Amino acid sequence: MSAHAPVASKPRYPYLVVRIFVAFYQRERIDIRVGPPAVEFVNRRCFVQHPAPVEDDGTVSAACRAVLIEGVQAAVRRLPFRMCVVWSERDCTYVETDAIFESAQPPCGGVQPVELDFQQQRYEPGDPVPDRSSLGST
């Protein structure tokens with residue numbers, strides 16, 4: 001595969017659940033790409049990139065999962081939203097500013113009445129990630 005090539009055209013998993021506020025969620029599909037480790041979240045255009053992003057069985061590799069979780073945590077630290085990466089029907093990772101929780105129960109329910117348009121969030125391993133509190137109020 002060439003650099004930055006997508007692994008699958010429209011995989012069902014993984015996807016990101018962004019908690020806008022209680023009972024209001026936005027789901028973002030995460031494209032999986034081959035290339036240098038990076039994560040980018042832009043409204044409706046999210047991806048994780050890794051040299052070996054998937055296992056032989058088609059699941060996201062442990063190394064790629066780690067990069068994605070780090071990137072989600074960097075975004076959570078910058079944005080005022082909680083997030084959860086859903087890997088499969090019974091496997092997800094809840095990401096907080098200071099903690100990561102593995103679970104077998106992905107978020108369910110909630111309302112998706114509006115579409116949140118957030119600024120691009122890009123992460124590459126080694127990037128310093130400022131805490132929201134150090135960014136000042138907006």
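The values are calculated or read from the model by the stated rules, or taken from the named source; none is laboratory data. In this text, all values refer to a predicted model and were calculated from it rather than measured experimentally. Glycine also receives a Cβ, built like all others from the backbone with ideal geometry; neighbour counts cover every protein chain displayed.
So residue 101 fits all but one of (1) surrounded by fewer than 20 Cβ atoms within 10 Å (Cβ to Cβ); (2) outside any strand (DSSP E or B); what number is the exception?
Residue 101 satisfies all of (1) surrounded by fewer than 20 Cβ atoms within 10 Å (Cβ to Cβ); (2) outside any strand (DSSP E or B) except (2).
If you scan the stretch 39-84, which residues turn out to be assigned to a loop (DSSP other than H, G, I, E, B), hydrophobic (A, V, I, L, M, F, W, C) and at pLDDT 95 or above?
Going through the stretch 39-84, the residues assigned to a loop (DSSP other than H, G, I, E, B) turn out to be 42-45, 51-53, 55-59, 61, 79-81.
When the remaining residues are screened for being hydrophobic (A, V, I, L, M, F, W, C), the result is 42, 52, 79, 81.
Across the stretch 39-84, the qualifying residue is only 52.
Applying the selection to the stretch 104-127, what residues are modelled with pLDDT under 70 and not aliphatic (A, V, I, L, M)?
From the stretch 104-127, those modelled with pLDDT under 70 are 109-118; that's our starting set.
109, 110, 112, 113, 115, 117, 118 - these are the residues of the stretch 104-127 that are modelled with pLDDT under 70 and not aliphatic (A, V, I, L, M).
Failed condition for residue 36, given (1) modelled with pLDDT of 95 or more; (2) touching a Pro at 6+ places or on another chain (Cβ under 8 Å); (3) surrounded by 15 or more Cβ atoms within 10 Å (Cβ to Cβ), with all others met?
With respect to (1) modelled with pLDDT of 95 or more; (2) touching a Pro at 6+ places or on another chain (Cβ under 8 Å); (3) surrounded by 15 or more Cβ atoms within 10 Å (Cβ to Cβ), residue 36 is out only on (3).
Every residue in the stretch 16-38 that is within 25 Å of residue 108 (Cβ to Cβ), without any contact (Cβ under 8 Å) to a residue 60 or more places away in the chain and assigned to a strand (DSSP E or B), please. Full working, then the answer.
Kept after step one, since they are within 25 Å of residue 108 (Cβ to Cβ), are these residues of the stretch 16-38: 16-32.
Among the residues that remain, those that are also without any contact (Cβ under 8 Å) to a residue 60 or more places away in the chain are: 21-22, 28-32.
Residues satisfying the conditions are 21, 28, 29, 30, 31, 32.
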